[in-house]
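Structure record follows, encoded as structure tokens.
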Amino acid sequence: MKEIKVIPCLDIREGRVVKGVKFVDIRDARDPVEAAEAYCREGADELVFLDIYASVENRKTRLDWVRKVVEKVTIPFAVGGGIGSLDDMKALIDSGVDKVSINTAAVTNPDLIKQAAREFGKERIVVAVDGLKNPAGSGRPRLEVVIKSGNEPTGLDIVDWARKIEKLGAGEILLTSKDADGTKEGYDIEMTRAVAEAVSLPVTASGGAGTLEHLYQAVVDGKASAVLAASIFHFREISIGEAKEYLKSKGIPVRPLPK
């Protein structure tokens, strides 16, 4: 098994880190620059920054918010939200961002994945996938892709979409369960495993982390290559160090903490 990454996520609204439950009930968490500096010191492997209302508000990612974090971050830094073109991606990469994450734009224009991978290299292209579970007999896919911050169903089966993402040349998948998001009741293991087993790309599990055991389950049962969390880190319920030490104690390889 390769080293498992532990990744904090900065959901940004109006220049502040926020956190909600199931993509709603948003509350303030902390300052993004302060958070970024802290997570770098603590030994996070990467940092994900999501301008969560950019697509809903039909605007681009706020570059001024991104640049403030870029100035302080010392680990790989991925940004998503409102990215709809190669020009948007170039602006972010030119600002110092290591990876760009596309979600709604990837669904509405799948060829953008191929173009972006060709232009910037697949290692810079993350496709974020938000999914929810539908009940049997609903006439919709059991695991369905949703877009626009989870507000719009697509009719796409999440496994079919993951396979297409890989075929189009993306470097990795960031998978979030809308049903589990912010609940702290655990990742959606069924969804995570279904996607991870369907592709050879690294899959980051997101949505629902509440305990150290949840992180372990995402890796062992969900087959995730990385675990992303927000609430437990932002509200200091679990530290990056505690997460890594726990995974290491369970036999999961992780990158060493800074001295």
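The values are calculated or read from the model by the stated rules, or taken from the named source; none is laboratory data. Predicted, not measured: the structure shown is a model, and the values here were computed from it. Ideal geometry is used to build each Cβ from the backbone, glycine not excepted, and the neighbour counts take in all protein chains shown.
When residue 204 is tested against (1) buried (at least 24 other Cβ atoms within 10 Å of the Cβ); (2) polar (S, T, N, Q); (3) at pLDDT below 95, only condition (3) is not met. So which pairs qualify, if the first residue must be in segment 176-200 and at positive phi and touching a residue at least 24 places away in the same chain (Cβ under 8 Å), the second must be surrounded by fewer than 17 Cβ atoms within 10 Å (Cβ to Cβ) and not in a helix (DSSP H, G or I), the Cβ gap must be under 6 Å, and the two must be at least 6 apart or on different chains? Short answer, once both residue conditions are applied: 182/21. Among the residues making up segment 226-259, those that are in contact with a strand residue (DSSP E or B) (Cβ under 8 Å, 6 or more places away or on another chain), closer than 21 Å to residue 50 by Cβ, part of a helix (DSSP H, G or I) and not hydroxyl-bearing (Ser, Thr, Tyr) are 233, 234, 240, 243.
Condition first: part of a helix (DSSP H, G or I) and either free of Cβ contacts under 8 Å to residues at least 12 places away in the same chain or over 18 Å from the mean Cα position of the chain (by Cα) (or both). Now tell me which residues in segment 201-225 satisfy that. Once the filter is applied, which keeps residues that are part of a helix (DSSP H, G or I) and either free of Cβ contacts under 8 Å to residues at least 12 places away in the same chain or over 18 Å from the mean Cα position of the chain (by Cα) (or both), segment 201-225 yields 212, 213, 220. Taken together, 239, 225, 206 contain a single residue that is hydroxyl-bearing (Ser, Thr, Tyr) and over 22 Å from residue 80 (Cβ atoms), which is 239. Screening the candidates 228, 257, 168, 174 for the property of being under 23 Å from residue 10 (Cβ atoms) and either at pLDDT below 95 or over 18 Å from the mean Cα position of the chain (by Cα) (or both) yields one hit, 257. Residue 138 passes every criterion in (1) modelled with pLDDT of 95 or more; (2) more than 29 Å from residue 233 (Cα to Cα); (3) over 16 Å from the mean Cα position of the chain (by Cα) apart from (1).
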